[in-house]
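The values are calculated or read from the model by the stated rules, or taken from the named source; none is laboratory data. If you're wondering where the values come from, they're calculated on a predicted model, not measured in any experiment. Note: ideal-geometry Cβ built from the backbone for every residue, glycine included; neighbour counts use all protein chains shown.
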Amino acid sequence: MTFKIKIQPSGIEFTAEEGETVVEAARFHDIPMPFSCLGGSCGSCKGKILSGQIRYEEDMLPALSETEKGLNMSLFCQAIAESDLEIEIRSIGVTKDIVVKTLPCRVAQMNKLAPDVMQLFLKLPMVEEFNYLPGQYLDILWRDGRRRSFSIANVAKAHELLEQHVRQIDGGAFTDFVFNEMSEKALLRFEGPLGTFYFREDSPAPKIFIAGGTGFAPMKAMLEQAFALERTEPLYLYWGVRDLQSLYMKELPQQWAEAHENFHFIPVLSEPKEADLWSGRTGFVHQAVLNDFKQLNDFQIYASGPPAMIDAARDTFLQKGMLIDDFFSDPFNFSIN
């Protein structure tokens, strides 16, 4: 038995075999759909079911909240069609020349920004043209085909190095390799660009960017794009970290705030050390936003960081009037294998 699946707003149609997930079926038919972990934990494949029935084989879907289930949202890497489906996904702008590629790259530069954060600059082959949207990410193709996802932290320019911010995870095989073994000129392979988390140039709405830890990386790319386009709407960056040393590039957004009247930088520390002598904002970063704005119905909101931060932000912002279609997120899930 096969089921017809129609994607909106593009109108693309394809079929799924019985027992096949929506993403599996799309990949078989070479239909571009966002995905990453294929395990229901990252949320890259999230979209809305407009009509039809699906089922999940797994009960635990970390990237799908109860609020989103109530809004007919689904994780299409886990959703198995039980009827014809009409679905809606946030697609990459069709006017952009975005092609997902698998490419080699060379580590051109490594900078330790904090004890647990490494800045990498990746150099592509000169003959390759690589276009992406600010906010998208790469999958580093690691040993045995395993993937490690990292956001691109700079805007796209011809023959520009690709910037990545890699946080060291206790017991993490790839991040331990980066911090303890890898050297400049090392060769890597990646697939990308991936994801539907990117700066929406078509909206003049004021924008709030919420970063947790290295979730600053895609925000950096998006804001660089906004400044290059000379955007005039209010732009707010809330960056939540544990302590002062974790605010690993604080001078950069401080410089942006001095250079752009419409940009505002609000760093938030959850557990400042006594030695930090911190007199700024403390607590949860999403709560800082709630404290500053009575209503959020007029804003576009971008959130990148730990899934718990994103879930808390989404659920509480909806109570403040945020429209779910104006909330864009990129949860960072860490793997140690």
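Restricting attention to the range 275-287, does a residue exist that is assigned to a strand (DSSP E or B), of a type outside the set (Lys, Arg) and not assigned by TED's automatic domain parsing to the domain that holds Leu113? Yes, the range 275-287 has at least one match. Where strands (runs of 3 or more DSSP E) fall entirely within the range 95-165, those with at least 2 residues that are among the basic types (Lys, Arg) and over 23 Å from Met219 (Cβ atoms) are at 101-114. Whenever a residue of the range 221-236 is among the acidic types (Asp, Glu), its partners that are assigned to a loop (DSSP other than H, G, I, E, B), lying with C-beta atoms within less than 8 angstrom and at least six residues away or across chains, give the pairs Glu224/Pro134; Glu224/Asn154; Glu224/Val155; Glu233/Pro204; Glu233/Ala205; Glu233/Pro206; Glu233/Asn262.
Do any strands (runs of 3 or more DSSP E) entirely within the range 1-70 hold 3 or more residues that are β-branched (Val, Ile, Thr), and if so, which? So that I can check it myself, show each step before the final result.
Details: elements: 2-8, 13-17, 46-51.
So the answer is 2-8.
When the residues of the range 1-19 are filtered to those that are more than 17 Å from Ile80 (Cβ to Cβ) and either modelled with pLDDT of 95 or more or not small (Gly, Ala, Ser) (or both), the one that is surrounded by the fewest Cβ atoms within 10 Å (Cβ to Cβ) is Pro9.
Can you pull out the residues in the range 166-201 that are part of a loop (DSSP other than H, G, I, E, B) and either under 17 Å from Asn111 (Cα atoms) or of a type in the set (A, V, I, L, M) (or both)?
Taking the range 166-201 first, the residues part of a loop (DSSP other than H, G, I, E, B) are 168-172, 181-186, 195-201.
Listed by number, the residues that qualify are Gln168, Ile169, Glu181, Met182, Ser183, Glu184, Lys185, Ala186.
Condition test on Asp243, is it at pLDDT 95 or above, under 27 Å from Gln168 (Cα atoms), surrounded by fewer than 17 Cβ atoms within 10 Å (Cβ to Cβ) and more than 16 Å from the chain's Cα centre (by Cα)? For Asp243, the condition - at pLDDT 95 or above, under 27 Å from Gln168 (Cα atoms), surrounded by fewer than 17 Cβ atoms within 10 Å (Cβ to Cβ) and more than 16 Å from the chain's Cα centre (by Cα) - is met.
Residue count for the range 28-53 under the criterion of being buried (at least 20 other Cβ atoms within 10 Å of the Cβ) and modelled with pLDDT of 85 or more: the result is 2.
Quick one: Ala226 ticks every box in (1) more than 18 Å from Phe317 (Cα to Cα); (2) of a type in the set (A, V, I, L, M, F, W, C); (3) not in a helix (DSSP H, G or I) except a single one, so which number is it? Failing condition for Ala226: (3). Residues that are charged (D, E, K, R) and touching an Asp or Glu at 6+ places or on another chain (Cβ under 6 Å) within the range 178-203 comprise just one, Glu191.
Among the conditions (1) buried (at least 18 other Cβ atoms within 10 Å of the Cβ); (2) farther than 22 Å from Phe332 by Cβ, the only one that Gln164 does not satisfy is (2).
If I filter the range 253-263 down to residues being surrounded by fewer than 18 Cβ atoms within 10 Å (Cβ to Cβ) and either among the acidic types (Asp, Glu) or in contact with a strand residue (DSSP E or B) (Cβ under 9 Å, 6 or more places away or on another chain) (or both), which single residue comes out as nearest to Phe216 (Cα to Cα)? Break it down stepwise before answering.
At the first step, the residues of the range 253-263 found to be surrounded by fewer than 18 Cβ atoms within 10 Å (Cβ to Cβ) are 254-255, 257-262.
Checking the rest, the ones that are also either among the acidic types (Asp, Glu) or in contact with a strand residue (DSSP E or B) (Cβ under 9 Å, 6 or more places away or on another chain) (or both) come to 254, 257-258, 260-262.
Numbers: Gln254: 14, Ala257: 16, Glu258: 19, His260: 18, Glu261: 20, Asn262: 19 Å.
Per the stated criteria, the residue is Gln254.
Hey, does the range 71-85 have a residue that's at pLDDT below 85 and either in a strand (DSSP E or B) or not assigned by TED's automatic domain parsing to the domain that holds Phe317 (or both)? No, because not a single residue in the range 71-85 is at pLDDT below 85 and either in a strand (DSSP E or B) or not assigned by TED's automatic domain parsing to the domain that holds Phe317 (or both).
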